[in-house]
Amino acid sequence: MISREEIRELAQFEADGKQECALSFYFQPQTPQNKSHREEAILAKDLVRHALQAVRKDGKQNCARADLQRILKLAEELHGNQAHAKAVFACGARDIWREFDLPSQMRQTQLFVNRRFQLKPLAMLLGAHPKLAVVLVDRHRARWFDMRLDQMVEGEAMFHSLSRRGRSDGYSGYDGGHSERRTSDDVLHHFKAVAARLKDEAEKRIWEALIVGCLDVNWPDFEVHLPPAVQRCLLGHFPAEVATFSLEQVKERAQAVQEEWLQNRRRQSVKEVLSYAKSHQRGVTGLRRVLRSLEMGEVRTLLIGENYSARAVECDSCGHLDSHLIAYCASCGRKTRPLPDVCDAVIPRAIQNDVELLYVKDDPGLDKAGNIAALLRFRAERGAQLRQVS
Ligand SMILES: [Zn+2]
């Protein structure tokens, strides 16, 4: 599975424009019910052939041809009935070929030849699937699961034997004899041990988000032991029978919690950004202001309408992006280059700077505000920058 470091490395890549090209290929297998298996594979081959013709016309065939041939060969081997989608990023001139299996949730099979890798489909997928820990807890057991994209693996469980703690180990000076009290001490000890392991893992960044499966009756007694570092990562909890739940059941419940959390987060973020932008607090809307905030390093979360696209210009010398289609850079005065879609430049920058990316589907509020907006970490002094830009 693709890691955050790998995607950041892809985001940093930029072809020099003459000798080099960045190729991005996404292959989405068709579900057997919908269409014949072969169709997606045929479509993939057509896309490659079409791209080969296009680069020939552009005079860029030297840089892209070998990579396209290799993708064509790969497409011929894909039969459309495989379980996973695939992403390939290639630049032969720099000896780059990265191939990843992804959950088969891509919208469609696509191929791009550009200066940068096309990371939007990947960013959409990864943004919706943080590296997740799912922990099932009851009064003396805990089961651990790792979930990345659609793959779940069960890890080492914890088991706190009730009798083991019957012998006094000096805990609170308690020396046995009262079984009820002993049981509740045991449970407390167990919950604290589970919370401690979670804290340790959160600090080591073993995962980015957490979901807990726990009977409702136990939840309040367990939750109070979760330290703030763990609470911050908690997406939600679901009722679960620790002993009997199968891996499939855990996965299904966790995915439902995650989906609900994501929908709330999108809704809440749009609401926040619209109200903050109105009151000139930590939020901006519209491409011009978003680009300025990105340049100033203020952006914490970027909200983009799912089908958003806009033209812009980019300065090759200083990297300045401008929503006005000006021929000379407003920042350094050199010549600019047109960008058919500003997202091609914005998304890699957001990934490199650890900006959270949220894709928002059909939100009338965001639509009215230009379909692009940002929540800010802080708001820098405007004076100097305003003079420079205007
Ligand atoms: Zn410039």
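The values are calculated or read from the model by the stated rules, or taken from the named source; none is laboratory data. No experiment lies behind these values; they were computed from the predicted model shown. No Cβ is skipped: glycine too gets one built from the backbone with ideal geometry, and neighbour counts run over all protein chains shown. The accessibility values were calculated without ligands, DNA or RNA, using every heavy atom of the protein model including side chains. Shrake-Rupley method; radii C 1.70, N 1.55, O 1.52, S 1.80 Å.
Values as computed for the structure displayed
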quantity: Linear extension gain, Gln12 paired with Leu188, 0.36 nm per residue minus alpha-carbon span; calculated: 58.6 nm
quantity: Prolate/oblate/rounded call for the stretch 4-127, Cα gyration tensor, a/c under 1.5 rounded; calculated: oblate
quantity: Cα→Cβ-extended label distance, 7 Å offset, between Arg267 and Lys73, nm; calculated: 5.1 nm
quantity: Lysines whose Cα lies under 20 Å from that of Lys18, excluding same-chain neighbours fewer than 8 positions away; calculated: Lys57, Lys60, Lys335
quantity: Area accessible to solvent at Asp221, 1.4 Å probe radius, in Å²; calculated: 80 Å²
quantity: The stretch 255-352, relative contact order [Cα under 8 Å, separation at least 6], %; calculated: 19 percent
quantity: Additional length obtainable on full extension of the chain from Leu247 to Asp95, 0.36 nm per residue less Cα span; calculated: 50.7 nm
quantity: Three-way shape label, the stretch 278-379, alpha-carbon gyration tensor, a/c 1.5; calculated: prolate
